[in-house]
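Written out below as structure tokens is the structure these notes cover.
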Amino acid sequence: MRKAIGIDLGGTFIKAALVDQEGAILYKEEAPTLAERGPDDILLRIEQMIRDIAAKHALQISDLSGLGIAIPGFIDDATGVADEVVNIGWRNVAVREPLHARLGIHVAMENDANAAALGEAWAGAGRGRRFALCVTLGTGVGGGVVIDGKVLRGANTMAGEIGHMVMVPGGAPCNCGHHGCLETISSATGVVRLAREGLARAQAAGESSALAAVQDLTAAAVFAAAEAGDVLANAVVDEAIETLAWGLGTAANVVNPEVIVVGGGMSRAGERLFAPLREAFPRYALRRVALAATIVPATLGNDAGVVGAARLAL
Ligand SMILES: [Zn+2]
């Protein structure tokens, strides 16, 4: 059976996995990114991780179908260069050529959201479906469109950026430079922002909320307060979900997916997220689009990136 190694380069950890052609993870490990040491050091450690994994499995590097790398930023696939990776401070870093030169195997690269979408569509919640729309609700809102097993990349690898659909013109500032993007509302960061703003309004109006007593205000804490019946927390969660349904409904009208896979830390909220999302989605998607699309939780969790990266090389 063919095997490849998938690498998911993150701001904190580099994850690596040996994945077979069916999408099963045979082995995985991770190492700190140590971004401050610079790109050469990171690429050297990725090389070492690959040699280490091959040795542990009595494989020659040449036995591998290749290596796929998920990169948390903008890439240029034509040149194999990471153009801009803000959270590890990379600008114009050649990735494919140095790794290919050192290891002698095929090296593929992809943006991390697209790699995670590919992983879920191939071997996770979208397995067996031809048209998948995938979103990740984390610090931001990542997105990817997978059609017949291939990520839709677009003209310069920017396709599927659902998180940056502007939902509120002139709304809260987004990291992308625009205002009111979906991720300013429906990400974990967006939920915390809405909760803080709501709390300030409630306190000014003399209203109480359980959120006022929360030391470390996280999206999980807001969902927990909502489950416990807090009015403000429920209003925040409802706004985040309604806006997400709007964004997904709009994207679904373009893509006409069979499956919409929702992952990321916030998807762990379970039915408090999925039940109202499924209920609201048909208000924004065309009737036939809504009938075709099933909204499901992601199943690969943090492994989606390495699995999708490996898929690129298989
Ligand atoms: Zn944005």
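Here, each number is a calculation from the coordinates, and none is a lab measurement. Values in this document were obtained by computation on a predicted structure and should not be read as measured data. No Cβ is skipped: glycine too gets one built from the backbone with ideal geometry, and neighbour counts run over all protein chains shown.
Brief remarks follow.
- Under 21 Å of direct C-alpha separation, and excluding same-chain neighbours fewer than eight residues apart, residue 150 reaches these lysines: 3.
- Against the main long axis of the alpha-carbon atoms of the chain, helix 39-56 sits at an angle near 70°.
- DSSP assigns beta bridges within region 125-298; of those with both partners inside it, close to 55 percent run antiparallel.
- The string of couplings for region 269-284 from the Karplus curve (6.51, -1.76, 1.60, θ = phi - 60°) is 5, x, 5, 5, 9, 6, 4, x, 5, 5, 6, 7, 3, x, 6, 10 Hz, one whole number per residue in order, with x for Gly and Pro.
- 0 to 90° range, to nearest 10: angle between helix 112-123 axis and the chain longest Cα axis: 80 degrees
- Whole-Hz couplings from phi, Karplus 6.51/-1.76/1.60, listed for region 182-195; x for Gly and Pro: 3, 6, 6, 10, 9, 8, 4, 5, x, 5, 5, 4, 4, 5
- Part-to-part distance (alpha-carbon centres) for region 1-67 and region 75-121, which is given in Å: 13 Å
- Neighbour-count ranking [beta-carbon atoms within 10 angstrom, fewest first] of 167, 1, 109, 158: 1, 158, 167, 109
- Each residue of region 149-163 was assigned a 3J(HN,Hα) from its phi angle through the Karplus curve 6.51 cos²θ - 1.76 cosθ + 1.60 (θ = phi - 60°); the sequence is x, 10, 6, 6, 9, x, 5, 9, 6, 9, 4, x, 7, 4, x Hz, with glycine and proline shown as x.
- Value in Å of the Kirkwood radius, where region 125-298 supplies the Cα pairs that are averaged: 16.5 Å
- Protection proxy ranking of 3-16, 208-221 - average other beta-carbon atoms within 10 Å, highest first: 3-16, 208-221
- In summary, the aspartates and glutamates within cross-link reach of residue 15, defined as a Cα separation below 19 angstrom excluding same-chain residues under 8 places away, comprise 29, 30, 36, 40, 41, 47, 52, 110, 112, 120, 303.
- Between 0 and 90°, nearest 10: helix 304-313 axis offset from the chain longest Cα axis: 40 degrees
- Calculated on C-alpha atoms, the gyration radius of the chain divided by its Kirkwood radius gives an Rg/Rh of 1.00.
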